[in-house]
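Working notes, beginning with the structure itself.
The values are calculated or read from the model by the stated rules, or taken from the named source; none is laboratory data. None of the values given here were measured: they were computed from a predicted structure. Using ideal geometry, Cβ is built from the backbone for each residue, glycine included, and neighbour counts are taken over all protein chains shown. Areas reflect the complete protein model, heavy atoms only, side chains present, ligands, DNA and RNA absent. Shrake-Rupley method; radii C 1.70, N 1.55, O 1.52, S 1.80 Å.
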Amino acid sequence: MSRIVFVNGAFVPYEEASVPIMDRGFLFADGIYDVAAVIDGKLVDNEAHLARLVRCLRDIGIESPYTIEEWTRHEEELVTRNGLSEGLVYMQVTRGVFERDFAFPPESVKPTVVMFTQAKSIASSKLAKTGAGVITTPDLRWKRRDIKSIALLAQVLAKQEAVRAGVAEAWMVEEDGYVTEGASSTAFIITRDGRIVTRPLSNAILPGITRRAVMRLAEEQGLAVEERLFTVAEAQDAAEAFFTSASAFVMPAVTIDGKPVGDGKPGPLTKRLRALYLDMAAASNSGNMR
Ligand code: PDD
């Protein structure tokens with residue numbers, strides 16, 4: 001089956017898809033994106049992903065080119081056309097194509113919309129069984145990290161550091177010593193008295209959709225969830241650690257900067273949260289989560 005992507009309302013073969021070099025996404029990273037998971041051909045928690053996409057567009061002054069219903073239809077059609085069973089749907093909107101100029105282009109310039117799918121083992125991830133290593137690195141990003149900006153250079157560099165260290169993720173650390181989040185995930189620790197800790201929402205981090213679902217699932221189980229800052233040292237000394245994202249769900253973090261967390265294996269509470277999330281994902285209906 002040949003790969004089909006979505007460009008400005010049309011479903012086209014990947015080989016034929018292109019965006020002009022004057023696209024503001026290419027020149028200025030002037031755009032936003034979102035990523036939703038697909039399990040058994042169904043989108044997971046998709047309404048929340050689309051709500052964030054539309055909010056991010058509003059925050060940078062781009063009118064959403066589609067309604068939530070239209071976005072959902074396009075995503076579903078893309079999943080079907082690519083025969084995607086497990087993986088990701090990527091959606092990107094930029095401020096469109098215009099002669100290079102920092103200021104916004106005229107209103108007649110329409111946003112560029114690109115969507116594609118990627119096959120990926122998420123529920124069936126092998127890494128989730130052993131757990132992932134994490135390194136820490138300074139957070140070099142701008143001050144509106146709540147916007148899912150396509151300007152990802154700091155995360156690209158952080159991730160490459162992780163790859164060089166032979167691990168899966170980098171946790172970024174503010175100058176004050178507190179962890180912000182992963183290069184492409186939300187960071188969590190579990191204290192020795194069983195409290196699930198993650199950084200509170202603010203402009204310093206992306207409001208993770210998986211984060212929200214995991215917190216809700218934990219609370220439904222009567223588990224203690226605490227939103228507060230934590231340091232690298234506290235994370236290394238925690239009972240368990242994990243990170244969440246649409247592309248990893250709940251991923252145990254078993255080492256931090258080479259130091260084992262707990263016994264260096266995925267912890268019981270992390271495994272329980274992953275199982276709860278997988279159950280939720282399996283029960284999900286496209287665009288209509290819980
Ligand atoms: N990244 N923080 C950052 C910086 C992220 O890039 C992501 C997701 C998350 C987790 O958000 P969510 O649970 O909504 O996926 C947190 C996606 C998967 C990516 O860029 O591919």
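Tabulated results
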| quantity | calculated |
| --- | --- |
| Set Leu53, Leu78: member being of a type outside the set (D, E, K, R) and within 14 Å of the ligand (Cβ to nearest atom) | Leu53 |
| Condition met for Arg95 (away from the ligand (no atom under 16 Å from the Cβ) and basic (Lys, Arg)) | yes |
| Per-region count, segment 1-34, residues under 23 Å from the mean Cα position of the chain (by Cα) and acidic (Asp, Glu) | 2 |
| Of residues in segment 116-174 being farther than 26 Å from His49 by Cα and of a type in the set (Lys, Arg), the one surrounded by the most Cβ atoms within 10 Å (Cβ to Cβ) | Lys129 |
| Lone qualifier among Ser64, Ser108 - being without any contact (Cβ under 8 Å) to a residue 40 or more places away in the chain and crowded, with 18+ Cβ neighbours inside 10 Å | Ser64 |
| Every residue from segment 195-206 that is under 12 Å from Thr244 (Cβ atoms) and more than 11 Å from the ligand (Cβ to nearest atom) | Ile196 |
| Selection count, segment 51-87, where residues are closer than 16 Å to Ser2 by Cα and assigned to a helix (DSSP H, G or I) | 5 |
| Leading residue by the ranking (nearest to the chain's Cα centre (by Cα)) among those in segment 175-194 that are more than 10 Å from the ligand (Cβ to nearest atom) and surrounded by 16 or more Cβ atoms within 10 Å (Cβ to Cβ) | Phe188 |
| In segment 253-272, residue nearest to Met215 (Cα to Cα) [restricted to those that are more than 16 Å from the ligand (Cβ to nearest atom) and part of a strand (DSSP E or B)] | Val254 |
| Test: Glu169 is without any contact (Cβ under 8 Å) to a residue 60 or more places away in the chain and of a type in the set (D, E, K, R) | no |
| Whichever residue in segment 207-252 is within 16 Å of the ligand (Cβ to nearest atom) and of a type in the set (D, E, K, R) and, among such residues, is nearest to the chain's Cα centre (by Cα) | Arg211 |
| Counted residues, segment 1-50 - those being assigned to a strand (DSSP E or B) and without any contact (Cβ under 8 Å) to a residue 24 or more places away in the chain | 3 |
| Enumeration of residues in segment 6-33 that are of a type in the set (A, V, I, L, M, F, W, C) and within 16 Å of the ligand (Cβ to nearest atom) | Ala29, Ile32 |
| Test result for Ala103, within 22 Å of Ala248 (Cα to Cα) and surrounded by fewer than 18 Cβ atoms within 10 Å (Cβ to Cβ) | no |
| Residue count for segment 90-137, restricted to those that are of a type outside the set (Asp, Glu) and in a loop (DSSP other than H, G, I, E, B) | 21 |
| Matching option when the condition is within 15 Å of the chain's Cα centre (by Cα) and open to solvent by 50 Å² or more (accessible area, probe 1.4 Å), among Ala37, Ala51 | Ala51 |
